[in-house]
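The values are calculated or read from the model by the stated rules, or taken from the named source; none is laboratory data. Predicted model only: the values in this text are computed from it and were never measured. Counting neighbours? That spans all protein chains shown, and the Cβs are built from the backbone with ideal geometry, glycine included. For the accessible areas, the whole protein counts, side chains as well, though only heavy atoms, and no ligand, DNA or RNA atoms are used. Shrake-Rupley method; radii C 1.70, N 1.55, O 1.52, S 1.80 Å.
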Amino acid sequence: MLSLMELKLFDPKSVSGIAHSRRPYSSAFSSFRYGVDVRFSPRLCSCRGAFPRVFVSSISENAYLTRKAIASGDPEKLVGEDYVYRINGKYGASSILFSGDTRVLEASYDEYEGVVVDPEGLPATPDAFSSILRFSLTHWRRRQKKGVWLKLPLERAELVPVAVKEGFQYHHAEPGYVMLTYWIPEGPCMLPANATHHVGVGGFVINQNNEVLVVQEKYCNPAFADLWKLPTGFIHESEEIYQGAVREVKEETGIDTEFVEVVAFRHAHHLAFEKSDLFFVCMLTPLSADIQVDDFEIQAAKWMPLMEFVEQPLIQGDSMFKKITDICVARLKKRYCGLFPHQLVSAFDRQTSSLYYNDFDAQDSTCASN
């Protein structure tokens, strides 16, 4: 059982504050600029007398010193001791003595000398989190770590203002957590920014009757209310582009499809939430014909003759829409080849990923390479 004693710097003759110890100890402690009279509980030890001086005028406010650092006059020794002093105020006018229970937050180190805090090992209260977080930053700074990643689950939201007060910045948020970061070295922060892009897909589905699967959205800009357009949507996290295109078509129209290739993609900036946007146009082959409209998103859906689709005034009047339809028509006439995903493993991450390219060596009877 740990014993609790008070120790405080009030004048050169008396000190009070808090100390904890795991074992009895009897020794002379050095003072902060002054010789001090230190009294410990008889249950643990007894120390009394004037001790060697340690000058702290060069130590920054809120710095942490271990017992060994104080005894040696070296403020660089920070962790791994039984006692840790915290200097509060100019010239060390007061101090708190922490026990070895003053710990570093549970974390792992990444390959970039970064620190990833374990959200499962967070202290129970904001006060405990504040002191341990401050001590941890000092610890990581001494070990020349760089970026700190602090993931706070939704149920620990009370810790967010504590971290912000210590200098953490918002990085990104998901429904179940907020991610904060802290850059330790001097100079500009080198941590990667939050995700910069949304990724969308559109499905160009054409049947044997030369009809295109088109939809009218229920919620859209009034200027496009009469436009029959391709089924579109955002891909999900960890979803492949070709999978997202097939899924979106199925969700909006009920039509099953098979992916053929990516025929084009658009890159735009400053769209939703000021993010950039990648939009992939995918050619798909229908595997079914009966349309079942998603009433939540879609006003109507139908099979539309290709030339009627192409000749819509809104498509002919928009250079982007017109070019996309021109490319799709060229692909149908075998005058254009798109990109097909190939599963490859890279030595950089040792994971399987999709590389989209035109397989010009393949004998594809539906595509004539230029």
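For this structure, a couple of remarks:
- Local net charge near Q216, Cβ-Cβ under 13 Å (Lys/Arg +1, Asp/Glu -1): -3
- Simple rule: put +1 on each Lys or Arg Cβ and -1 on each Asp or Glu Cβ in segment 250-334, find the dipole, and look at L271, T253, A300; the Cα lying farthest toward the positive end is L271.
- Taking all protein chains together and a 1.4 Å probe, the residues K151, K323 rank K323, K151 from largest to smallest accessible area.
- Whether segment 122-176 is rounded, prolate or oblate, judged on the alpha carbon gyration tensor where a/c under 1.5 counts as rounded: oblate
- The listed residues E113, E240 rank as E113, E240 when sorted by accessible area, largest first, using a 1.4 Å probe.
- 10 Å beta-carbon shell around S288, net charge (K/R +1, D/E -1): -1
- Summed side-chain charge close to S353 - residues other than S353 whose Cβ falls under 14 Å, Lys, Arg +1, Asp, Glu -1: -2
- Note on D349: accessible area approximately 80 square angstrom, rounded to 10, probe 1.4 Å, nucleic acids and ligands left out.
- When V214, V199 are compared by accessible area at a 1.4 angstrom probe, the order from most to least is V199, V214.
- I298 - accessible surface, heavy atoms, 1.4 Å probe, Å² rounded to 10: 0
- Available extension along the chain between K302 and M320 is 4.2 nm, counting 0.36 nm per residue and deducting the alpha carbon span.
- Model label points for Y177 and E237, set 7 angstrom from Cα along the Cα-to-Cβ axis, are 0.9 nm apart.
- Out-of-range pairs (alpha-carbon distance over 25 Å; input K302/K333; K275/K333; K250/K275; K275/K334; K218/K302): K275/K333; K250/K275; K275/K334
- 20 °C / 1.002 mPa s Stokes-Einstein diffusion coefficient of segment 274-352, Kirkwood radius on C-alpha pairs, µm²/s: 131
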